[in-house]
Amino acid sequence: MNLYLNQLAKTADFKEAIYRGSVFLDTQLNTAKELCGFAKESITAAFDGETNHQALHRMMPVEEFVARVTRLKGQFTNSQRVKDLILGFIHEINLDPREYIFDVPRLRVVPNYDYLHAGVSYAYKPHRDSWYGSVDCQINTWMPVYTISPDQTMMINPGYFEKPVPNTSSEWSLNDWINNQRHKAKDNLTEEVRVHPVPLGEIDDSAEIRIAGNSGEMLTFSGSHLHGTVANHTEHTRFSVDFRLMHLDDLQHHRGAPNVDSACPDVGAGFKDYFHAHDFSNFQGFKP
């Protein structure tokens, strides 16, 4: 795996590098820092002005925490501000927004594992996004809202980029997730009862990489990388922001990272949630 430092805007063929498994780490993107700044504002508003965000889970019962996080996530994801910032990000790294669609940003909230690790704070097991019905050309971004340690971050396991992992993706439906399962997150307080696509065996974590970054320091990588949530056993809640980009021509002509093991039966069911970057109109798929 190659790691590029502060070169996303300088690498003309960055998406091809990402499709081959390279990872970009950018620490100086203005729009990434603005996204995290907006996330902090949103958290403060959702918790009645409280600014000690990383200690919120110690201030209230888990039921109240889940209710507030549920509202926070929805308001953040669906705000016009985050769409404007993604367009700004595309311009900042010198791309043509007419060539890209995006999935709206998600604000992830991961408190102490024993307090909550299901539902709105589900600790994702090692997975590829393609197991969840994502396309091979999906480009992921991820950034912490506050400085984090290796015990709080997201892991990437590049040793599996071209190595198949037996998994349950063939039995998992994105359409069912969107229509029936996603909204049940708030009901999962002590255990995650919703079905996820997961590995069928043990994962060798000897090649696992954990990048502990600061606010707005952005990782950009292929959604086909094996990655997951590091169980947070610290006393500091982890907040992070992520969003996904897809290049329209690559999507139409099935270019992207190699598919070594994904078998989700309804890839594309989530297209209706994607937006054209240049005007924020909904992506309707391609005409036959």
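By count of other Cβ within 10 Å, fewest leading, how are Ser206, Ser170, Ser22, Ser224 ordered?
The order, fewest Cβ neighbours first, is Ser206, Ser170, Ser22, Ser224.
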For percent of Cα pairs over 33 Å apart, one of (i) 39; (ii) 16; (iii) 29 was computed from the structure I shared and the rest are decoys. Which label?
(ii)
If the only charges are +1 at each Lys and Arg Cβ and -1 at each Asp and Glu Cβ, what is the size of the charge dipole of the chain around the Cα centre, to the nearest 20 debye?
440
So if I take the centroid of the Cα atoms in the stretch 31-74 and the same for the stretch 1-25, what is the distance between those two points in Å?
32
Can you sort Trp131, Trp172 from fewest to most other Cβ atoms within 10 Å of each residue's own Cβ?
Trp172, Trp131
Shape category assigned to the stretch 199-288 from the gyration tensor of Cα positions, a/c cut at 1.5
oblate
What are the extents of the Cα atoms of the stretch 63-140 along their three principal axes, in Å, largest first?
44, 28, 18
Find which of Asn112, His253, Ala32 sits farthest along the positive direction of the dipole of the chain, computed with +1 on the beta-carbon of Lys and Arg, -1 on that of Asp and Glu, about the Cα centre.
Ala32
For Tyr113, Tyr132, what's the fewest-to-most ordering of other Cβ within 10 Å of each Cβ?
Tyr113, Tyr132
Using only the Cα atoms of the stretch 15-83, build the gyration tensor, take square roots of its eigenvalues as a ≥ b ≥ c, and label the shape rounded, prolate or oblate: rounded if a/c is under 1.5, else prolate if a/b is larger than b/c, else oblate.
prolate
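Here, each number is a calculation from the coordinates, and none is a lab measurement. Here the structure is a predicted model, which means the values were calculated and not measured. Neighbour counts run over all protein chains shown; Cβ positions are idealised from the backbone, glycine included.
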